[in-house]
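Here you go, one structure.
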Amino acid sequence: MRLATTLLLSPALLALPLLAPEPGPDAPSPAAPAAGTAPDDLPRVGVSPWGPDDELGALNRMTDASRAAVLTRIAGGRVYDLGVEYFVGMPSWHLLGDPRYQFWMTHTPHGTVVDDPAGVGHHQNELVSYTGDAVSFYTHMGTHIDALNHFGLGGEIYNGFSAHEHLGDRGWRKTGAETIPPIIARGVLIDVAGAKDVATLPDSYGITVADLEAALARQEIALQPGDVALIRGGRMNAWPDDEGYVMNQPGLTLEAAKWLAEQHEVLAIGGDNLSLEHFPVQEGSETWVPVHTYLLAQAGVPIIEVVDLEELSRDGVYEFAFIAASLKFRGASAAPFRPIALPLR
């Protein structure tokens, strides 16, 4: 298999077993969208408690009332930009052959004088300095949000939409990045690295439920349904070194992801690393991306990656209004995301 061969050749993924995530609860509910179990015991995608046509999953927990509740608590003053810059040579998920970020000039002031592309003459081109540019990149790079179609199980994505019926040459017709609404919610920083008094968690460290509980206790803050949970492992300290940032990432374990999604009913989960989950994954894992397949395909919880949480950690800002929107890439499995955090009263 081409995928398995690529994984085996990639140092960051040497230990990734290609097996499958333990099935979730038997019955779906708004608190814990559940995964079914096929007759042969293979894991299956979750069925949305919000109906057979639902494409939002946990984002249904965001309402007019919940948005208003957080907006009325904004303290004003400092705005924290949690996104990273896009630039040639930036760290990215290229281990499976996906393209890196490319940027090129399409027009320059001197070039337009020489080429006169608009046919307006030498004088106008000397007077009007025209600059234009273009970019090309994999959608899962930089600060971005994963759509629910990013990972599936058995040829289906969340809520049973099948690739056979809903995936065309122009992308998915269900749960594409264009369906992701602007997110306005209470954000909570869970500073695991800070709670352990380290700048960065060790390579490949798996963040446990106990780690999350310890960080929240230290911060004296509790999660609430509909929160956006942002997990800091300190990986942004390696940015922008490509190998240091991408390889052997610390991140969430499957158990911790389930704790956030099921017990705390979060709206979305973000991290300061490239994969949210840790790599290599736990030995014996049923899939090579257990957190992704669980959150996206079974629980319907969006994943936000490459989030810069260093300034929030430095200033001890653990609760804030989280405001972000993604580009509407129709049918895509991810899109660039620009989150900001505004401290609350």
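Checking Ile304 against (1) part of a loop (DSSP other than H, G, I, E, B); (2) under 11 Å from the mean Cα position of the chain (by Cα), which test does it fail?
All conditions are met except number (1).
Something else about it: State all residues of the range 30-51 that are at pLDDT 95 or above, touching a helix residue (DSSP H, G or I) at 6+ places or on another chain (Cβ under 7 Å) and either over 18 Å from Gly154 (Cα atoms) or not hydrophobic (A, V, I, L, M, F, W, C) (or both); if no residue qualifies, say none.
Gly46, Ser48, Trp50
Would you mind finding the one in Tyr86, Tyr130 that is hydroxyl-bearing (Ser, Thr, Tyr), at pLDDT 95 or above and in contact with a strand residue (DSSP E or B) (Cβ under 6 Å, 6 or more places away or on another chain)?
None of the others qualify; the one that does is Tyr130.
Also: So how many residues does the range 130-156 have that are among the aliphatic types (A, V, I, L, M) and outside any strand (DSSP E or B)?
Residues flagged as among the aliphatic types (A, V, I, L, M) and outside any strand (DSSP E or B) within the range 130-156 amount to 3.
Now for a separate question. Have a look at Leu42, Leu56, Leu95 and point out the one that is within 22 Å of Gly270 (Cα to Cα), in the same structural domain as His264 (by TED's automatic domain parsing) and not charged (D, E, K, R).
Exactly one residue qualifies, and that residue is Leu56.
Output the residues belonging to the range 262-286 that are within 9 Å of the chain's Cα centre (by Cα), on the phi < 0 side of the Ramachandran plot and not small (Gly, Ala, Ser).
Of everything in the range 262-286, those that are within 9 Å of the chain's Cα centre (by Cα), on the phi < 0 side of the Ramachandran plot and not small (Gly, Ala, Ser) turn out to be Ile269, Leu274.
To continue, here is another question. Filtering the range 114-146 down to residues that are of a type in the set (Val, Ile, Thr) and surrounded by 13 or more Cβ atoms within 10 Å (Cβ to Cβ), which residue is farthest from Ala325 (Cα to Cα)?
Among those that are of a type in the set (Val, Ile, Thr) and surrounded by 13 or more Cβ atoms within 10 Å (Cβ to Cβ), it is Val120.
Looking at the range 238-256, which of the residues that are out of contact with any strand residue (DSSP E or B) (no Cβ under 7 Å at 6 or more places or on another chain) and small (Gly, Ala, Ser) is nearest to Val192 (Cα to Cα)?
Step by step, filter the range 238-256, then rank; the result is Ala238.
Starting from residues that are over 25 Å from Leu127 (Cβ atoms) and surrounded by 12 or more Cβ atoms within 10 Å (Cβ to Cβ), keep the ones in the range 93-113 and report whichever is farthest from the chain's Cα centre (by Cα).
Phe103
Next question, about the same structure. Given the structure, is His292 in the same structural domain as Pro49 (by TED's automatic domain parsing) and either free of Cβ contacts under 8 Å to residues at least 24 places away in the same chain or farther than 20 Å from Ala177 by Cβ (or both)?
Spelling it out, it is not the case that His292 is in the same structural domain as Pro49 (by TED's automatic domain parsing) and either free of Cβ contacts under 8 Å to residues at least 24 places away in the same chain or farther than 20 Å from Ala177 by Cβ (or both).
Closer than 21 Å to Ala297 by Cα, not assigned by TED's automatic domain parsing to the domain that holds Ser275 and not charged (D, E, K, R): does that describe Leu127?
No: the conditions fail for Leu127.
Going by the structure shown, is Ala195 small (Gly, Ala, Ser), surrounded by 15 or more Cβ atoms within 10 Å (Cβ to Cβ) and within 18 Å of the chain's Cα centre (by Cα)?
no
Of everything in the range 307-317, what is closer than 15 Å to Val228 by Cβ and out of contact with any Asp or Glu (no Cβ under 7 Å at 6 or more places or on another chain)? Give them in sequence order.
Matches in the range 307-317: Leu312, Val317.
Would you tally the residues in the range 62-82 being among the acidic types (Asp, Glu) and either more than 13 Å from Ile340 (Cα to Cα) or without any contact (Cβ under 8 Å) to a residue 40 or more places away in the chain (or both)?
1
The values are calculated or read from the model by the stated rules, or taken from the named source; none is laboratory data. As the structure is a computational prediction, the values presented were derived from the model and not from experiment. All Cβ positions, even for glycine, are placed from backbone atoms using ideal geometry, and neighbour counts span all protein chains on display.
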